[in-house]
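See structure below.
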Amino acid sequence: MDEKKEDEFSRFETYHGPKLVYNEILLDHFTNPRNTGEIKDASGVAMVGDPMCGDSVKLFIKVENDILKKVTYQVFGCGAAIATSSILSELATGKTIDEALVITDDDVIEAAKGIPERKAHCSLLAVQALHEAIGDYLIKKSQEDNELFKFRTNSIDESERNGK
Ligand code: FES
């Protein structure tokens, strides 16, 4: 190995900066993430990115009778983002829309029993994506309700015009 190459490698061996210590819960969710993937007929979808690191989370929800029946996600990012998205998906599944809207990154960190401070921001991605996916669902639902309202109003007008 030439001297220049050797210097490049020794740079890594002498790294003495802060080390990230992930607890067992985070490692478990990182190595075995729950509820991953896409929901084809999702009720709401959102993609959120962190401009500082370039990571992003795309999150899907399936809502039935105001309950989040399914919460899935795709992570394009770091291990902490994967682990916290997995934890969030478990926290949010089965919640009502109102309950899910008040889930915070602190709830995710508490469920994870802590996260290295430098990685705390990673837990925000999935939470923001969840709130935006719910927003997407609510907008679609109100549009559908409006369409239904217009349809019903038109049907009533039509009946009146026909004297029925
Ligand atoms: Fe970007 Fe973790 S470093 S989300």
- Task: Consider Ala100 carefully, then state whether it is away from the ligand (no atom under 12 Å from the Cβ) and surrounded by 14 or more Cβ atoms within 10 Å (Cβ to Cβ).
- Result: yes
- Out of (1) open to solvent by 80 Å² or more (accessible area, probe 1.4 Å); (2) over 17 Å from Tyr22 (Cβ atoms); (3) outside any helix (DSSP H, G or I); (4) away from the ligand (no atom under 16 Å from the Cβ), the odd one out for Lys113 is which? (2)
- Residue check, Leu148 against (1) within 26 Å of Lys40 (Cα to Cα); (2) buried (at least 18 other Cβ atoms within 10 Å of the Cβ), all met but one. Which one? (2)
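Within segment 69-82, can you find the residues that are more than 10 Å from the ligand (Cβ to nearest atom) and either open to solvent by less than 30 Å² (accessible area, probe 1.4 Å) or closer than 26 Å to His121 by Cβ (or both)? Walk me through how you get there before you give the answer.
Of the residues in segment 69-82, the ones more than 10 Å from the ligand (Cβ to nearest atom) are 69-74.
Once the filter is applied, which keeps residues that are more than 10 Å from the ligand (Cβ to nearest atom) and either open to solvent by less than 30 Å² (accessible area, probe 1.4 Å) or closer than 26 Å to His121 by Cβ (or both), segment 69-82 yields Val71, Thr72, Tyr73, Gln74.
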- Item | Of the criteria (1) at pLDDT 95 or above; (2) in a loop (DSSP other than H, G, I, E, B), which one Leu88 fails | (2)
- Task: Evaluate segment 95-106: report whether one residue or more is of a type in the set (Ser, Thr, Tyr) and farther than 26 Å from Pro51 by Cβ.
- Result: yes
- Query: Of the residues that sit in segment 83-97 and are surrounded by 24 or more Cβ atoms within 10 Å (Cβ to Cβ) and of a type in the set (A, V, I, L, M), which one is nearest to the ligand (Cβ to nearest atom)?
  - Reply: Ala83
- Which one is farthest from the ligand (Cβ to nearest atom), of the residues in segment 15-68 that are farther than 22 Å from Lys141 by Cβ and assigned to a strand (DSSP E or B)? Thr36
- If Cys53 satisfies every condition in (1) open to solvent by less than 20 Å² (accessible area, probe 1.4 Å); (2) touching a His at 6+ places or on another chain (Cβ under 9 Å) but one, which is the exception? (1)
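The values are calculated or read from the model by the stated rules, or taken from the named source; none is laboratory data. If you're wondering where the values come from, they're calculated on a predicted model, not measured in any experiment. Counting neighbours? That spans all protein chains shown, and the Cβs are built from the backbone with ideal geometry, glycine included. These accessible areas exclude ligands, DNA and RNA; they are computed on the full protein's heavy atoms, side chains included. Shrake-Rupley method; radii C 1.70, N 1.55, O 1.52, S 1.80 Å.
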